[in-house]
Amino acid sequence: MIDLHIHTIASSDGQHTPHEIFTLAKQAGLSAIAFADHNSIGSIGEGVALAGKFGIEFIPCIEFNTLYLGHDLHILAYFIDYQSVELTRWLEEIHREKLRQAVLRIEKLNELGFVFSIDDVKKFSGERIPTGMSFLKAIVSREENRGDARIGRFLKGDRSHSPYVNFYLDYLRGGKPAFVPLEEVDTRTVMERIKQLGAIPVLAHPSDTGDEIILQLIEYGLPGLEVYSSYHNDHEEDHFLSLAEEYDLLVTAGSDFHGSIVKPDVTLGGIRGNSDDLLERLKCARENL
């Protein structure tokens, strides 16, 4: 069994260290895992070192947040050369742009009446790129916001089951009140740069993308879909599997595990169809690049 979409503390909304992830993976009986932190290689070196100790195959990966026609799409980059100088420079550029985006998002949220600043956000994100978790924690940390019914929904109300993810979905993603596009991370450009770095781009959790866009991305060279995901029900997985077979795409399986605090319903390796065969096909594709 495999899980090729896992977040560590290198993502500001990741709960577990690399060592903790490997421990959980061993307990779950996983044979291979991939760290896929948000625009970060911060845990990959440690993952490579831990693989031999735990006897679990490790695949370096990054989850890039990209923009396509106003849609916030996540692209996974499997077998990324995490020691590449070019990659390091690219991630530094993205980091600067994401911090600029964070400031603009805060301005939009301030206009909506939420009182907080970039310094409040950095208390929770540190040097990592801020996520929905960082923003919500920053807002809640300020006394001025604590009586706000909109925040109450995420603390004890109808959006409290997975508050950090839900805050992102309600306020920060494409089409929402505090969405700020970053043209520098255009999906097509990101896919091409991933390929240039010898890695394989795969569209993460495509259920929130739509078939029309998926077909356009396939036309532009997208080689794979994350068919098996905690985002998908059985019907969606069957649909994306059929789509992958029709267009000869690679199929991957990833839980998008962040830890129980962030995603209480998602367990490591808790996905259907997470066969070792999927990884073998992914490795073959990489050898043929």
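Enter the Cα centre distance for the pair the range 118-152 and the range 22-82, rounded to the nearest angstrom. Going from one Cα centre to the other spans 26 Å. If R0 is taken as 30 Å, the Cβ-Cβ distance between residue 146 and residue 20 corresponds to a FRET efficiency of 0.45. Note on the range 64-158: with charges restricted to the Cβ of Lys and Arg (+1) and Asp and Glu (-1), its dipole about the Cα centre is near 320 debye. In a fully extended conformation the segment linking residue 265 and residue 117 would gain 50.2 nm over its present Cα-Cα distance, using 0.36 nm per residue. Label-to-label distance, residue 161 versus residue 288, with points set 7 angstrom from Cα along the beta-carbon direction: 4.1 nm. Dividing the mean sequence gap of close Cα pairs (under 8 Å, 6+ apart) by how many residues the chain holds gives a relative contact order of 22 percent. Each of 155, 12, 35 was scored by the projection of its Cα onto the charge dipole of the chain, and the greatest displacement toward the positive side belongs to 155; charges sit on the C-beta of Lys, Arg, Asp and Glu. Here the Debye sum runs over all C-alpha atoms of the chain as equal scatterers in vacuum, and log10 of I(q)/I(0) at q = 0.07, 0.17 Å⁻¹ comes out as -0.24, -1.50. Mind pulling the angle between the C-alpha long axis of helix 18-28 and the longest principal axis of the chain? Nearest 10 degrees, somewhere in 0 to 90. The angle comes out near 60 degrees.
In the range 10-146, a dipole from Cβ-located charges (positive for Lys and Arg, negative for Asp and Glu) runs towards its positive end, and of 115, 88, 54 it is 115 whose Cα lies farthest in that direction.
Provide, for the chain, the number of lysine pairs with alpha carbons under 24 Å apart, each pair being eight or more places apart or on different chains. The number of close lysine pairs in the chain is 28. Largest GNM mean-square fluctuation among 74, 258, 239, using the chain with Cα springs under 10 Å: 239. Exposure check, 1.4 Å probe, all protein chains in place: residue 276 carries approximately 70 Å² of accessible surface. Per atom type, the chain shows carbon and sulfur on 49% of its accessible surface, probed at 1.4 Å. Per residue, the chain exposes 43 Å² of solvent-accessible protein surface, assessed with a 1.4 angstrom probe and all protein chains in place. Projecting the Cα atoms of 141, 201, 239 onto the charge dipole of the chain, computed from C-beta unit charges around the Cα centre, puts 141 farthest toward the positive end.
Compute the label zone of residue 281 within the range 182-220: residues whose backbone N is under 12 Å from the point 7 Å along Cα-to-Cβ. Within reach of a label on residue 281, which here means backbone N under 12 Å from a point 7 Å along Cα→Cβ, the range 182-220 contributes nothing. Just need log10 I(q)/I(0) for the range 174-289 at q = 0.18 Å⁻¹, Debye formula, equal scatterers on the alpha-carbon atoms, no solvent, rounded to two decimals. So the normalised log intensities are -1.06. Here the dipole of the chain is about 1120 debye; that uses its Cα centre as origin and unit charges on the Cβ of Lys and Arg (positive) and Asp and Glu (negative).
The values are calculated or read from the model by the stated rules, or taken from the named source; none is laboratory data. Because the structure is a prediction, the values reported are computed rather than measured. With ideal geometry, Cβ positions are generated from the backbone for all residues, glycine too; neighbour counts draw on all protein chains shown. Protein only, heavy atoms only, side chains kept; ligands, DNA and RNA dropped before computing areas. Shrake-Rupley method; radii C 1.70, N 1.55, O 1.52, S 1.80 Å.
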